[in-house]
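The structure under discussion appears below in the form of structure tokens.
The values are calculated or read from the model by the stated rules, or taken from the named source; none is laboratory data. These figures come from a predicted structure and were not determined experimentally. Cβ: placed from backbone, ideal geometry, glycine included. Neighbour counts: every protein chain shown.
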Amino acid sequence: MPSAAPTISPLLNPHTLANLQGLELRARRIVEGYVAGLHRSPYQGFSNEFAEHREYAPGDDLRYVDWKVFGKSDRFYLKQFEEETNLICYLLLDTSESMQYQGPGAPLSKLAYGQCAAASLAYLVLHQRDAVALVTFDQEVRQLIRPSSSPTQLKQLLRVMEETTPARKTRTGPIFHDLAERFARRGIVVIISDLFDDVDAMLAGLKHFRHRRHDVIIFHVLDPAEIDFPFQHVTMFKGLEGLGEVVTEPRGLRAAYQQEVQSFLKRVRTGCRAQQIDYLTVRTDQPLDTVLTAFLSARKKRIK
Amino acid sequence: MQGKKPCPLHPAPCILRQMDNHIYLLAFGFTNLAMLGWLAAAAAPLLIHLWSRHRFREAPWAAMQFLLAAMRKNARRMQLQQWLLLAVRTLIIVLVVLAVAEPYGEPLLAGGSSTPTHHVLVIDGSYSMAYRDEGPSRFERARQLAAAMVRLGRPADTFTVILMSKPARSILDRDVIDHAAVAAQIEALTQPHSGADLAGALTLVQEALSAKSENRDAPERHEVYFFTDLQRSTWAEQEDKVQSAIRNPQSEISTHDRISELSRRAPLNVIDVGQPQAANSAVTELSSPGAFTTVNRDIAFELALRHFGPDPRPQCAVELLVDGVPVGEQTVDLPAGGDAAVRFTHRFHSTGGHIVSVRAAGDGLSLDDVRSMIVPVREVVRVLCVAGREGAAKYVANALNPSQAGDSPIRPIVVSEGDLAELELSDFDCIFMCNVAQLISNEAERLRRYAENGGGVVFFLGDRVVPESYNSLADGDRPLLPASLSELVSRPQFGLDPLGYRHAIVAPFRGQERAGLLTTPVARYYRLDVSESRMDAQLAVALPNGDPFLVAAPLGRGRIAMVATDGSLASVDPATGEPWTAWPTWPSFLPIVRELLAYAASGQQHQWQQPVGTPLVGTLPVAPRAESPSSNLKMMRPDGEADAISIQTTPAGPEWSYAATDVGGIYSLRGLPGGALHDFAVNVDTVESDLAKADPQELPSELAVRDTWQRTADDGAHTQAAKAGWSASLLWAGLALLFLESFLAWQFGRGAI
């Protein structure tokens, strides 16, 4: 399976996505845009039970061309097989108030970006006949949709995500512990969050997932402004999640702030690496192919 | 200053430094003092900083925990950086402003010794010291210098402080050892409005040098410092002898001799606080040419202005104020060093005393820009004509009111000499005694008191006059009459000698030879003898043979005039059967009587316009009871203070006096019976208005003059170069700070606050 896209479709650009209405539309465009750029199609099954034919498309694996049909109809068709998979993808989407932040240069809020990523992954997983589950959480679990590979699962997931209203603080540690106990079957746990919480407690929660032998991928979603701190003028920063407000001159504080952020990222990254957790920092102005590529890479690793 | 308009410098603060057992008195200041106002701009960086702190943007923020942590760790550093930047920016502005103001500094005086010294500080208190040309006045600067010298004196030093006003007075003697108290006393000195009594000040200096201190450890070494503007009228025009009138009336020595004598006992230093070539204008005179002021008539006021300065002063505005309300304004061109006259007219509509002031446009010395007078406005002028016989006052009364009209401003009242004792004389503005035989002592005393309080009395003689009685009034300590009567002369003569029209009574006849004065017939008269001791008596008119005809003299604040012959046709020469004189029918009689009235009554106004330093005196009605009639009398001063009035009982009745007329302005007497007010205008003596400085060559060589205003060309060039050096250094420092500010702002991560 290919692991990188040679070109990036404009549909993966967050600025383009920001002009699209509806999470389903966004998810379909993301996945199709991503797939169109792959050298090989990811729509291939992993069982030997034939399911149907599909017309050849550039990039498809020639091993699955049905030459008999070609001989009869002079057209290329691919043989599709019933997939037999035991893959379950748990999508954990942070819906706390801090995810609502959208910086001055960002096309989407962190939550919107995370929703797009989650929807795209769900779309991709479901099209590969795998099961997908969704958990939205802030300081407690808000919604939990059990894993299913049913075609209707996607609509349900999208509806839940679209109806999400961020309002509360993040409390990842206890929630991860709780979910680790709830997820009975092993799977890929995809966490989409800004992780603005106690790092030690969060890492303890992640450790619990690993203890239950889940594969964990963390998409650490951050707004560009939260990394670059581009403010020039005296600003009153009104803290989300009830952290008060403060007036300061950002230019004099930029270096110190960036040092604090990098220190935080380093702690998280180091903690994840220690637990063999795939960790990826995602800026909301980045194309979404990085998310899909990272996911597919993890999935491939698991299938092997 | 060479190559620059004179007097750009301004009085400046001074400092004293004590180094190497020597006292260095330093003067520093700024050429462009007004530029220092821009120092307020130094607050701009701080204000901009505070303003920007209150004009912030708002932004929601998710990563608050990192921001708070960064702020917690860097709060002190950021605050220090902010204050450092603000300090640098403020200093840049301060340095640039100081450079533009062109600072200068130089030693005023370097003297003293390691031994304790008794310093005699003489501060010029004449009103020319009130001159200011942006910045403190000369007096304030002198005060500042003297106080600084006291504050930084050695602990064992002692100080005597003398104020050279008129009269000079000692402020502190050397036994006050608390330097802070001495300095505070000096700083509390107020500017007098009088002249400078150099002779009196020198006497006080001599006494201070001679006085033995109560403190046995008091220093024996003395130094004298004069803080003065070196005005010519004070220092160079002392041609008269100096007399220490009180302590040694017999000794008469010159100012130069006195200074030489003092210099043998102590070094004499003069600290010049006056600016060179300072110009000034003054109102030197305010008067009303009319004899009397009555309601609803146009009254003229004449004032004279003098400009003391090398350049003319065009378009000087002059304002006339009545009771504080402006009623007229004119502009006048003042020639360089010359006079100009201005005439106003005003019509009063109410009786009583009115304050009439003129105010010239302000200059550096404002005290002499205002001059005031109190104008008593009457319904009519009441003149008492006392007839010694029937018809004796007829012609005088007719001359005063020829038409007998009721609306005449002059209202003569004719009484017989017997009625004189019954009348209240103060109800009249002038009294004509016409051929009154004699005056008993009580009547004479009443007339004397009347005249001393500003009243005017005119005596016409005649055949009823008893010479012995009159001559007794011409003798004594307070002679009522200016001349005694000698023999009776019968000698027909035509014509009077006006003696060059010098006297005010006949001055209007100048150029009016056909008015009859020169042909006035006089056949019989008393020869008047003016005693040589009567220096104040003036011969106004003489007969062709030289005998006095009209003699006038002041008495107190009033005027007395005496005519050698009769003022009527009633006195007849028994030898010829002809009247003593046909003058009452002559054309010159009416104007002479009018002028006699004007002269005699002028004291009524004069007493209400007096120079600074002249005591104010007046009489009070005799109290009907034993207690003091006016124990509540007080004087409201122009500076707002209220002073008690001293009352003395004289044989003629109670008399009040007030001597502390040390400032110019309007003084109001309160507490008079009936609640009446009595105002007095006190004006400065314009001798002090000429700010010309004494030529150093005219000053005694014993005086070591040190000033910041007059210097040689080399000194001027040196000072200019020094000033340029200071300014350039400040600008370079400002430029360096500008680069430093840019670097710091870049280093701290901000370009501007």
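Numbers at a glance
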{"quantity": "Total residues in segment A:218-252, condition at the interface with chain B (Cβ under 8 Å from one of its Cβ atoms) and either of a type in the set (Val, Ile, Thr) or without any contact (Cβ under 8 Å) to a residue 12 or more places away in the chain (or both)", "calculated": "12"}
{"quantity": "Single residue of segment A:173-196 satisfying the filter (in contact with a helix residue (DSSP H, G or I) (Cβ under 6 Å, 6 or more places away or on another chain) and more than 16 Å from A:Ala118 (Cβ to Cβ)) that is nearest to the other protein chains (Cβ to nearest Cβ)", "calculated": "A:Phe196"}
{"quantity": "Positions within segment A:67-87 being at pLDDT below 85 and either part of a strand (DSSP E or B) or of a type in the set (Asp, Glu) (or both), in sequence order", "calculated": "A:Leu78, A:Lys79, A:Gln80, A:Phe81, A:Glu82, A:Glu83, A:Glu84"}
{"quantity": "Residues within segment B:253-274 that are under 30 Å from B:Gln610 (Cα atoms) and either in a helix (DSSP H, G or I) or under 22 Å from the mean Cα position of the chain (by Cα) (or both), tallied", "calculated": "3"}
{"quantity": "Filtered residues of segment A:256-265 (kept if within 7 Å of chain B (Cβ to nearest Cβ) and either touching a Lys or Arg at 6+ places or on another chain (Cβ under 6 Å) or more than 23 Å from B:His54 (Cα to Cα) (or both))", "calculated": "A:Ala256, A:Glu260, A:Val261, A:Phe264"}
{"quantity": "All positions within segment B:567-587 that are crowded, with 19+ Cβ neighbours inside 10 Å and closer than 23 Å to B:Ile431 by Cβ", "calculated": "B:Gly567, B:Ser568, B:Ala570, B:Ser571, B:Trp580, B:Thr581, B:Trp583, B:Pro584"}
{"quantity": "Residue identified as among the basic types (Lys, Arg), in contact with an Asp or Glu (Cβ under 8 Å, 6 or more places away or on another chain) and surrounded by fewer than 20 Cβ atoms within 10 Å (Cβ to Cβ) among B:Arg534, B:Arg527, B:Arg502", "calculated": "B:Arg527"}
{"quantity": "Selection count where residues are touching a strand residue (DSSP E or B) at 6+ places or on another chain (Cβ under 7 Å), among the hydrophobic types (A, V, I, L, M, F, W, C) and closer than 15 Å to B:Leu555 by Cβ, scope segment B:426-456", "calculated": "5"}
{"quantity": "Residues of segment B:271-287 satisfying the condition of being small (Gly, Ala, Ser) and surrounded by fewer than 18 Cβ atoms within 10 Å (Cβ to Cβ)", "calculated": "B:Ser287"}
{"quantity": "Of residues in segment B:383-401 being farther than 25 Å from B:Tyr470 by Cα and under 42 Å from the mean Cα position of the chain (by Cα), the one surrounded by the most Cβ atoms within 10 Å (Cβ to Cβ)", "calculated": "B:Leu400"}
{"quantity": "Scan of segment A:235-283 for residues that are under 25 Å from the mean Cα position of the chain (by Cα) and at pLDDT below 85, ordered by number", "calculated": "A:Leu240, A:Glu241"}
{"quantity": "Flag if B:Gly338 is in contact (Cβ under 8 Å) with a residue 60 or more places away in the chain and surrounded by fewer than 16 Cβ atoms within 10 Å (Cβ to Cβ)", "calculated": "no"}
{"quantity": "Top-ranked residue of segment B:609-655 - restricted to ones that are of a type in the set (Asp, Glu), modelled with pLDDT of 80 or more and in a loop (DSSP other than H, G, I, E, B), ranked as surrounded by the most Cβ atoms within 10 Å (Cβ to Cβ)", "calculated": "B:Glu641"}
{"quantity": "Residue ranges of helices (runs of 4 or more DSSP H) in segment A:193-304 with at least 1 members surrounded by fewer than 20 Cβ atoms within 10 Å (Cβ to Cβ) and among the small types (Gly, Ala, Ser)", "calculated": "A:199-211, A:250-274, A:289-303"}
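Table: residues versus (1) within 14 Å of chain B (Cβ to nearest Cβ); (2) more than 25 Å from A:Thr293 (Cβ to Cβ); (3) aliphatic (A, V, I, L, M); (4) surrounded by fewer than 20 Cβ atoms within 10 Å (Cβ to Cβ).
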site	(1), (2), (3), (4)
A:Asp94	yes, no, no, no
A:Ala106	yes, no, yes, no
A:Lys110	yes, no, no, no
A:Ala118	no, no, yes, no
A:Leu144	no, yes, yes, yes
